[in-house]
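Written out below as structure tokens is the structure these notes cover.
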Amino acid sequence: MKDAFGTPQSLLILGGTSDIALATARRLIARRTRTVWLAGRPSPALENAAVHLRGLGAETHTISFDAIDSESHEAILGKVFAEGDIDMVLLAFGVLGDQANDERDPAAAARVAQTNYTGAVSSALVCARALQAQGHGSLVVLSSVAAERARRSNFIYGSSKAGLDTFTQGLGDALHGTGAHVMLVRPGFVRTSMTAGLPESPLATTPEAVATAIELGLRRRSETVWVPGSLRLVMAALRHVPRAVFRRLPL
Amino acid sequence: MPADAAAAAPAPSHLSPDRTTPVTGWGRTAPTAARLIRPRTYEEAAAAVRACGARGGIARGLGRAYGDAAQNAGGAVLDMTGLDRVHAIDADGGTVLCDAGVSLHRLMEVLLPLGWFVPVTPGTRQVTVGGAIAADIHGTNHHVSGSFARHVLSLELLTADGEIRTVVPGTPLFDATAGGMGLTGVILTATVRLLPVETSWMSVDTERARDLDDLLTRLTATDRYYRYSVAWIDLLARGASTGRAVLTRGEHAPLEALERPKPSSTRARGGRFSRRDALSSPLEFRTSRLPAAPAFVPEGLLGRTTASLFNEFWYRRAPDARADELQRISTFFHLLDGVPHWNRIYGRSGFVQYQFVVGYGHEEALRRIVGRISARRCPSFLAVLKRFGEGDPGWLSFPLPGWTLALDIPASLPGLGAFLDGLDGEVAAAAGRVYLAKDARLRPELLAVMYPRLPEFRALRRELDPRGVFVSDLARRLGL
């Protein structure tokens, strides 16, 4: 169960090697989280993450989970929920893709969309139903500031996050009043292994800052969290910039 | 009673397999959804228990437990306020037999005109008899009277098998049920021993203590002369005045106190009052009611500045010493009941109530904790310190002989969770404990340290309720 400050005792991470997810897990383990499920494709990185979190004092399990294989989500995630209540699900998987390459390789572009959007839709729905049945729990979904407006430099990734973002908003409304809580997190540029080597955008942030914002959002039972918070205003302004101008902005 | 959150429209979603309602405790933190069932008969209650399904059920009274004791995520919550009959009053012997859903308010209405009072009342009348037993509540007379269950002569308990058992004091099932947070079964009725009174007035002495040491000395020296004794403590005061307080002690006023000519130092508070009126109906139970707190209050309205100003005012308005003031029962015991929904003033994040007890001989720990709260500048309004008497037989009953401090703090205060964890450490090291009826955040690891009879409680539950029919969010969170 969550405590008065919204801190979960059990956590399921979809995308168990995500830097943001692991920073969040570390933060929550320092408070109340005692059980962590790491779901992801089997890899040494996933096992290492589990060992690391175990070292911090959590009972940690890994499960084999492939975002693209939507058919399998019900069975795999169903097993986790059958083991006991999950107080928080963090949907953190996603790929950035390689925009220049993916524009030439439509199949690769579709894989970005499948992972970030369709994989998220099926797994989030499985989790949402389970959270609703247990009458409590948070589904925290990592969207992106890129979901807010298409940018020339990453619109394939951005469009997949836009789909996820819209889906999550609707899911939050669907679950309102059921005891389950859906929280949408929109980070800006985060310095992670996913963005390593990319030119940094303004207002760049860190996985730890996202983790802090998630913990605060849980306490406030927020529906949308921007990281950093100032992005909410920046994006409110940018959304209304005419396209002819937006196109020329150095974003 | 459903919490405020229940006012939200039910989800129209086709994801909903069943109609559920969000439920919170009085602190309005951590809402979870459950099927609310309101039995009107014992048979309906038994049927609800038999049909409550895989996620079990828990009884709920008027929702005054601050934390998650009367919530059951995904399961059933039995709203017991529909079972609210007073069956029999023995006006000569001083006992009452009533349903568990009867509130202390209702009992006072019925009993005071007959010259009887409830044996123990907490800071609100809006608790049910069932809740009072399940939390084994205490009042400001604990040092004299112990907690509520000590005055229960017998009770009827609906257990997991759907049977109704008569439970009497001195048996393991009674001691597990008193303070057992509703986890042994649903209390259906209780027979309670009452306190005779001559009037519905309190004779009250008030004095100020300039710091914590002064307060502890005064309480230790004079507590035994008063049936009711409590200190409001200013936890925002720092430096030399850390722990300054206003002591309020009282006794039920005898009839002759109303007849006595009014000395110049005596004033009466608690509504317009003339001695003649009081004398004409000495046992009249009258309460006052202010407008309810608004439904939406901006977060952070109650910050340090507001709390400091309020505390300064509250301390200054109290006299250095005043004796034999007549107050109404509602003014003396239940000040906050005058403001319906006062829990809303903390905004949507809600608040946590922190109450702990440390035994006599551990005054150093108490001093350290008060020092830490005061240094941390927790914006707390009505912090209360009192002395407990002998411990109670309930296995999970809260009181033990020592000092208890209760304070409420907005849950939105940054870093509050870690801060309170630190205080828990001090409390546990001093062989103290926190109060489960108020808890919403204790580290599960500390539970067995604070409640040494927890293994017996767990064993009895396993035997009595092997399928785990009775369960609450509190029980899940702490592994009760």
| query | Is one or more of the residues making up segment A:125-138 under 13 Å from the mean Cα position of the chain (by Cα), away from chain B (no Cβ under 14 Å) and touching a residue at least 12 places away in the same chain (Cβ under 8 Å)? | reply | no
| task | Filter segment B:364-404 down to residues that are at pLDDT 95 or above and among the charged types (D, E, K, R) and give me whichever is farthest from B:Lys438 (Cα to Cα). | result | B:Glu364
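Of all the residues that make up segment A:200-251, how many are closer than 16 Å to A:Ile20 by Cα and either away from chain B (no Cβ under 14 Å) or among the aliphatic types (A, V, I, L, M) (or both)? Please lay out each step first, then the result.
We begin by selecting, within segment A:200-251, every residue closer than 16 Å to A:Ile20 by Cα; these are A:204-218, A:225-228.
Cutting the leftovers down to either away from chain B (no Cβ under 14 Å) or among the aliphatic types (A, V, I, L, M) (or both) gives us A:204-211, A:213-214, A:216, A:218, A:225-228.
Residues that pass the stated criteria total 16.
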| With respect to A:Val112, is the statement that it is within 17 Å of the chain's Cα centre (by Cα), crowded, with 18+ Cβ neighbours inside 10 Å and within 14 Å of chain B (Cβ to nearest Cβ) true? | no
| request: Just need a number here: residues in segment B:317-336 that are farther than 22 Å from B:Pro282 by Cα and among the charged types (D, E, K, R). | output: 3
| query | What number of residues within segment A:3-20 are acidic (Asp, Glu) and at the interface with chain B (Cβ under 7 Å from one of its Cβ atoms)? | reply | 1
| query | Just checking, which of B:Gly63, B:Gly53, B:Gly101, B:Gly93 is within 12 Å of another protein chain (Cβ to nearest Cβ) and either touching a Gly at 6+ places or on another chain (Cβ under 7 Å) or at pLDDT 95 or above (or both)? | reply | B:Gly53
| message | Show me the helices (runs of 4 or more DSSP H) found entirely inside segment B:377-480 where at least 3 residues are within 14 Å of chain A (Cβ to nearest Cβ) and under 21 Å from B:Thr24 (Cβ atoms). | response | B:416-429, B:473-478
| query | What single numbered condition from (1) in contact with a strand residue (DSSP E or B) (Cβ under 6 Å, 6 or more places away or on another chain); (2) of a type in the set (Phe, Trp, Tyr); (3) closer than 22 Å to A:Gly84 by Cβ fails to hold for B:Tyr435? | reply | (3)
| field | Qualifying residues in segment B:76-90 (those that are over 27 Å from B:Val197 (Cα atoms) and touching a helix residue (DSSP H, G or I) at 6+ places or on another chain (Cβ under 9 Å)) - the one nearest to the other protein chains (Cβ to nearest Cβ) | value | B:Ala76
| query | Within segment B:137-144, is even one residue surrounded by 24 or more Cβ atoms within 10 Å (Cβ to Cβ) and farther than 19 Å from B:Thr404 by Cβ? | reply | no
| message | For segment A:11-31, which positions are crowded, with 24+ Cβ neighbours inside 10 Å and not hydrophobic (A, V, I, L, M, F, W, C)? | response | A:Gly15, A:Gly16, A:Ser18, A:Thr24
| Within segment B:118-125, can one find any residue that is of a type in the set (A, V, I, L, M, F, W, C) and over 11 Å from the mean Cα position of the chain (by Cα)? | yes
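Table: residues versus (1) part of a strand (DSSP E or B); (2) more than 30 Å from B:Arg461 (Cβ to Cβ).
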site	(1), (2)
B:Gly180	no, no
B:Ala190	yes, no
B:Ser203	yes, yes
B:Arg218	no, yes
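Test A:Ala67 against the criterion of being over 29 Å from A:Gly188 (Cα atoms), small (Gly, Ala, Ser) and buried (at least 19 other Cβ atoms within 10 Å of the Cβ), and give yes or no.
Here the answer is no, as A:Ala67 does not meet what is asked.
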| query | Which of (1) touching a Gly at 6+ places or on another chain (Cβ under 7 Å); (2) surrounded by fewer than 19 Cβ atoms within 10 Å (Cβ to Cβ); (3) within 30 Å of B:Arg19 (Cβ to Cβ) is the odd one out, the single condition A:Ala150 does not satisfy? | reply | (3)
| Any residue in segment A:37-58 that is among the β-branched types (Val, Ile, Thr) and within 19 Å of the chain's Cα centre (by Cα)? | no
| field | Failed item in (1) over 14 Å from B:Ile187 (Cβ atoms); (2) buried (at least 24 other Cβ atoms within 10 Å of the Cβ), with B:Gly93 passing the rest | value | (2)
| query | Is segment A:164-185 home to any residue that is without any contact (Cβ under 8 Å) to a residue 60 or more places away in the chain, of a type in the set (D, E, K, R) and within 14 Å of chain B (Cβ to nearest Cβ)? | reply | yes
| Does B:Arg289 fit the bill of being modelled with pLDDT under 85, over 21 Å from B:Ala209 (Cα atoms) and in contact with a Gly (Cβ under 8 Å, 6 or more places away or on another chain)? | yes
| Can you tell me which residue in segment A:153-200 is farthest from A:Ala213 (Cα to Cα), limited to those that are in a helix (DSSP H, G or I) and of a type in the set (A, V, I, L, M)? | A:Ile156
| remark: Among A:Leu96, A:Leu77, the single one that is surrounded by fewer than 20 Cβ atoms within 10 Å (Cβ to Cβ) and more than 14 Å from chain B (Cβ to nearest Cβ) is A:Leu96
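The values are calculated or read from the model by the stated rules, or taken from the named source; none is laboratory data. Quick caveat: nothing in here was measured; it's all calculated off a predicted structure. Every residue, glycine among them, receives a Cβ derived from its backbone with ideal geometry; neighbour counts consider all protein chains shown.
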